[in-house]
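Visitor: Take a look at the following structure, please.
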Amino acid sequence: MKSAVKKLSVCVLVFAFSPASWAIPQIEEWETANGARVLFVAAPEIPMVDVKVVFDAGSARDGEKSGLAALTNNLLDEGAGDKSADQMAESFENLGATVGHAADRDMATLSLRSLNDPALLQPALENLALSYSQPRFEAEAFKRVQQQTLAQIEQAAQTPGSVAAHAFYRALYDKHPYASPVEGTTSSVTALTPEEIKTFHKHYYVAKNAVIAIVGALDKTQAEALANTLTKQLPIGEPASALPAPQDLTAPQTVHIQHPSTQTHVLLGQLGVSRHDPDYFPLYVGNYVLGGGGFVSRLLKQVREKRGLAYSVASYFGFQQVAGTFIASLQTRNDQTAQALEVAQGVLKDFVENGATETELKAAKQHLIGGFPMKIDSNREILEYLAMIGFYRMPLDHLQNFTKKVDAVTLEQIKTAYQKRFHLDKFITLTVGNETAVVKSEK
Amino acid sequence: MSCSRILPRLLGLCLLQSPLVFAAAGEVHEFKLDNGLQLLVKEDHRAPIVTSQVWYKVGSSYETEGKTGLSHMLEHLMFKGTPSHPQGEFSRIMAANGATENAFTSQDYTAYFQNIANDRLETSFELEADRMRNLLLDEAEFKKERQVVAEERRSRTEDNPGGVLTEQFHAAAYQTNPYHNPVIGWMSDIQHYEIGDLKAWYAHWYAPNNATVVVAGDVDPKAVLELAKKHFGKLSPSEIKATAVRPEVKQLGMKRILVKVPAKQPQLMMGYKTPVLKGSAPELLPDIYALELLAAVLDGGSSARLTKNLIRGQEIAVEVGAGYTGFERLETLFTFAGVPTPAHSLDDLEKAIVGQIQAIKDKGVEPAELTRAKTLLRAAKVYERDSVFYQAMQLGTLATLGLDWRLSDSYLKEIEKVTAEQVQAAAQKYLVEDQLTVARLEPQPLGVNQRITEDQPHTGAIR
């Protein structure tokens, strides 16, 4: 009796909530004189500024030299212009600024967080610009960072989750540039040279291949000056060329990798879609029901809650420039692998065949719409959205329209999208663990 | 804010002053309900959201041998229903309200949180108040969840060489102090819990007078207080029997262990016994802040000593770091961890780290280093305002340790006072060999990383 009353009060709260009463950040966009794209949101409340500079220079641009993009990015804090690595680090940190850099398959980024006081911000920005405009790429630093990368590759090899992820990308993308690990392999990284790094940098770290995201206590004029400081030393260059479209799998693949772990890591999946796909919202909302929705998804309920087979079980789309991934993953004690696999496959099959229920769709919309303010409640998160919207050329009103688009998704759209996109008869079934018998028994 | 725009030479001074001005923003309101529940509210009106956190003064350091990990196990079971909100309802209602919710357990606390739209705070209070006193603790649900926790342990520890090393390191460094045990518990303890253990643990610790509710976000403190009275106010308090904490026995010399597990990468962990704020005599408090600065001088960024000298410089480490916090309940460790480059051994790395410590003991720290470390800590105090969750976590941690939450504001003032001489003295006093524990991970073969592929079409892969 009591719980029925609770349900009612929850519904009332949901409908009372009106996201329109609160200002979703307005993105301002422009291009610098030399062609870099800038996205800016003013956030006057805290006297600080966050900046992210994104180049289309992720590992998809490695060509035959796997690990080239990541190593180039990693070398950007190792000295530039008249500053050694030590001097560079000191000059940021004397100003109270923190910096970071990262590379994934699509992006190579540099980020800066600084107080907004111009006397601190301006030198920090100049330092950051120097780091990617005039990197030294000295032989000594190259060797050191190459060694660090090799150590990172060793670490990935002892971590079953990383072994599984790498093998999954290999199986899924085959000859496509997304197939290789971002950090490269032991042999590919060992073979890299400083000259290759310099050539890569010259080609891709250019204004027309850059997106700059800015969030902080600045006005538009200050943000424009900031963007100019960050780009004025960059050559104009050209945007990176379009990536090839990955090919759908033509046959199922079952891969097992032996690893001395107590759990088996299971990855089931296939190609996902790009960020521009017309089915983006039906797939996204549908996946909340299937395996994206934390403690209420079907996968979690069936694998963890009902059977206690796993701690972590989820499904997710990796939306990329071209078709990304769809992965359902779980980890379970080695001897339970067959059982967990069967449950997860059953959930997937049922979802692709029958889609979501009305109750599930309603709950998904309530969560995604009601939870939207929490996705953009900090400068850090807004910065990530700006970088994503800018880099993937998503509509500037993406945040304004997000809840509307979620709300517009229908059961039919979800069912159609999943039936059109999912080919369970050509899925990848990947296991990493201490149980060769699991795969054998399936035959 | 713009003094340095006019007088660039006053850069340091301006840095020193500006964050203190900002620290005044976001005032904290403290309330206490009649049943003993503590409520802390911090306003942040940037977005129409709130983080609501319930902190209990119980964690793995409250546990006894044979029942390690009980606090964490109970944390899992807190999602398994009450008579008025049966199994599944908590997460269903929270999800339908857009909440991001979860929980975390440490050595010193167990905490539950929801990040939620500010007009849904009442839902959070209603459900948290309900499960504070009315948890079902059904045996069948418990048995399944125990398996889930065992899987969690396999992921975090058994299959993670770094996790095994850390666990073994703590077990060696702490002999009688309960930090000896892992937060998640030893596997054999997990497998032998009984439902009665969980019921007793819940009855012992889960009561309003053992809890702190922290709310940060776009809220009116008075309205939050009224909501808290409405939902938590009606709960009856318990008599919380404080359990005696077994102190660490005096360490009588360096300890050294080897951890041999299948892995590719050698790793090193080192830790020196150090005091914490809680329970320290007043004259020791400056030591705590000096140790915090010592950690910052060693590892407070890419220009700090360890990265500058051991990763660059001598090129002995591919990774190296130091860590210390005075904000724990019991005696703690000033730690070092690292991975040597392929050209160097664990021996080389250990000697190099000890060398860095010795250099500070012998020659102290440069004024520029100390200034830089303080500058970074001041800036971090401004940056942390970007996360309401983090701000609430700070308050919850302090309150749950039994410290004054105002320390989150006075922290910087104490840091400012620390002199180069005090940092040097702290290194001389605490980073001494007799108080050191060293753990080394020596990799064993992983076995064949054999890839077995079957890519011919076959039916039955998906059933």
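Read the figures in this text as sums done on the coordinates, not as results from a lab. Predicted model, so just to flag it, every value in this text is computed and none were measured. Positions of Cβ are generated from backbone atoms using ideal geometry, with glycine treated the same way; all protein chains shown enter the neighbour counts.
Visitor: Compute the FRET efficiency between B:Arg246 and A:Ala33 as 1/(1 + (r/R0)^6), taking r as their Cβ-Cβ distance and R0 = 51 Å, and round to the nearest 0.05.
Guide: 0.15
Visitor: Next up: How long are the semi-axes of the ellipsoid equivalent to the protein assembly as shown, from square roots of 5 times the Cα gyration tensor eigenvalues, in whole Å, largest first?
Guide: Taking √(5λ) for each eigenvalue gives 38, 36, 32 Å, largest first.
Visitor: Rounding to the nearest 20 debye, state how big the charge dipole of the protein assembly as shown is about its Cα centre with +1 on each Lys and Arg Cβ and -1 on each Asp and Glu Cβ.
Guide: The dipole magnitude comes to about 920 debye.
Visitor: So if each residue of separation counts as 0.36 nm, and I subtract the Cα-Cα distance between B:Lys264 and B:Ser345, what length gain in nm does that give?
Guide: Numbers: separation 81, 0.36 × 81 = 29.16 nm, distance 1.36 nm.
Roughly 27.8 nm would be gained on extension.
Visitor: So the label point goes 7 Å from the Cα of B:Lys417 along Cα→C-beta, right? Which residues of the stretch B:391-405 then have their backbone N under 16 Å from it?
Guide: B:404, by backbone N distance to the label point.
Visitor: Return the whole-Å distance between the Cα centroid of the stretch B:122-160 and the Cα centroid of the stretch A:130-202.
Guide: Using only Cα atoms to place each centre, the spacing works out to 40 Å.
Visitor: Between A:Asn228 and A:Thr359, how many nm apart are label points set 7 Å from Cα along the C-beta direction?
Guide: 6.1 nm
Visitor: Between A:Leu424 and A:His203, what FRET efficiency follows from the Cβ-Cβ distance if R0 is 56 Å, with the result rounded to 0.05?
Guide: Computed FRET efficiency for A:Leu424 and A:His203 comes out at 0.85.
Visitor: Bin width 5 Å, alpha-carbon pairs only: give the P(r) of the stretch B:192-252 as whole percents, running from 0 to the bin holding the largest distance.
Guide: 3, 12, 16, 14, 14, 12, 11, 8, 4, 2, 1
Visitor: Lysines near B:Lys255 by alpha-carbon distance under 29 Å, same-chain residues fewer than 8 away left out - which ones?
Guide: Those lysines meeting the cut-off are B:Lys67, B:Lys264, B:Lys273, B:Lys278, B:Lys308, B:Lys351, B:Lys361, B:Lys363, B:Lys429.
Visitor: Note the full-extension length gain between A:His276 and A:Arg380 as 0.36 nm times their separation in residues minus their Cα-Cα distance, in nm to one decimal.
Guide: On the way: separation 104, 0.36 × 104 = 37.44 nm, distance 2.39 nm.
Between A:His276 and A:Arg380, full extension yields an extra 35.1 nm.
Visitor: Taking the Cα-to-Cβ direction at A:Thr186 and at A:Lys349 and moving 7 Å from each Cα, how far apart do the two end points lie in nm?
Guide: Placing both labels 7 Å beyond Cα along the Cβ direction yields 4.0 nm.
Visitor: Go ahead and run the numbers for FRET between B:Leu285 and B:Glu226, Cβ-Cβ distance against an R0 of 30 Å, rounding to 0.05.
Guide: Computed FRET efficiency for B:Leu285 and B:Glu226 comes out at 0.20.
Visitor: Let me ask something else about it. Could you give the nm distance between label points at B:Gln428 and A:Lys405, where each point is 7 Å from its Cα heading toward the beta carbon?
Guide: 6.4 nm
Visitor: What percentages, rounded to whole numbers, describe P(r) for the stretch B:87-232 computed over all alpha carbon pairs with 10 Å bin width beginning at zero?
Guide: Result returned by the calculation: 9, 31, 33, 21, 6.
Visitor: What's the local net charge at B:Gln391, with K and R +1, D and E -1, over the other residues with C-beta under 15 Å away? List each step's numbers first, then the result.
Guide: Numbers: positive: A:Arg380, B:Lys42, B:Arg46, B:Lys381, B:Arg385, B:Arg406; negative: A:Glu45, A:Asp377, B:Glu27, B:Glu30, B:Glu43, B:Asp44, B:Asp218, B:Glu384, B:Asp386, B:Asp409.
That works out to -4.
Visitor: Given the alpha-carbon gyration tensor of chain A, what are the semi-axes of its equivalent ellipsoid in whole angstrom, ordered largest first, with each equal to the square root of 5 times an eigenvalue?
Guide: Ellipsoid half-lengths, sorted descending, are 39, 30, 19 Å.
Visitor: Just to check I understand the Karplus step: with θ = phi - 60° and J = 6.51 cos²θ - 1.76 cosθ + 1.60, what whole-Hz values come out for the stretch A:54-69, glycine and proline as x?
Guide: 10, 10, 6, 8, x, 5, 4, 9, 5, x, 7, 9, 4, x, 4, 5
Visitor: State which entries of A:Lys404/B:Lys230; A:Lys362/B:Lys230; A:Lys143/B:Lys260; A:Lys362/B:Lys234 exceed 32 angstrom in Cα-Cα distance in the structure shown.
Guide: A:Lys404/B:Lys230; A:Lys362/B:Lys234
Visitor: Hey, another quick one. For the stretch A:367-396, state which trypsin sites (Lys or Arg not before Pro) are in a DSSP loop and have at most 14 other beta carbons lying within 10 Å of their beta carbon. Walk me through the intermediate numbers first.
Guide: Details: sites: A:Lys375, A:Arg380, A:Arg393; in loops: A:Arg393.
Here the sparse-neighbourhood loop sites are A:Arg393.
Visitor: Further question: 222 nm [θ] for chain B, helices only, -39500 (n - 2.57) per DSSP H run of 4+, per residue, to 500?
Guide: Numbers: 16 runs with 186 residues, N = 463.
After summing the helix terms and dividing by residue count, I get -12500 deg cm²/dmol.
Visitor: Residues with beta-carbon under 13 Å from that of B:Arg46, excluding B:Arg46: net charge, scoring Lys, Arg +1 and Asp, Glu -1?
Guide: With Lys, Arg at +1 and Asp, Glu at -1, the net is -4.
Visitor: Tell me, in nm to one decimal, what length is gained between A:Glu64 and A:Asp397 on full extension, where the rule is 0.36 nm per residue of separation less the Cα-Cα distance?
Guide: Stretched fully, the A:Glu64-A:Asp397 segment lengthens by 116.1 nm.
Visitor: 222 nm [θ] for chain A, helices only, -39500 (n - 2.57) per DSSP H run of 4+, per residue, to 500?
Guide: Details: 17 runs with 194 residues, N = 443.
Calculated from helices alone, the mean residue ellipticity at 222 nm is -13500 deg cm²/dmol.
Visitor: By how many degrees, between 0 and 90 and to the nearest 10, does the Cα long axis of helix A:160-173 differ from the longest principal axis of chain A?
Guide: Compared with the principal axis, the helix lies near 90 degrees.
Visitor: How large, in Å, is chain B by the Kirkwood hydrodynamic radius built from its alpha-carbon pairs?
Guide: Details: mean 1/r = 0.0408 Å⁻¹.
Result for chain B, one decimal place: 24.5 Å.
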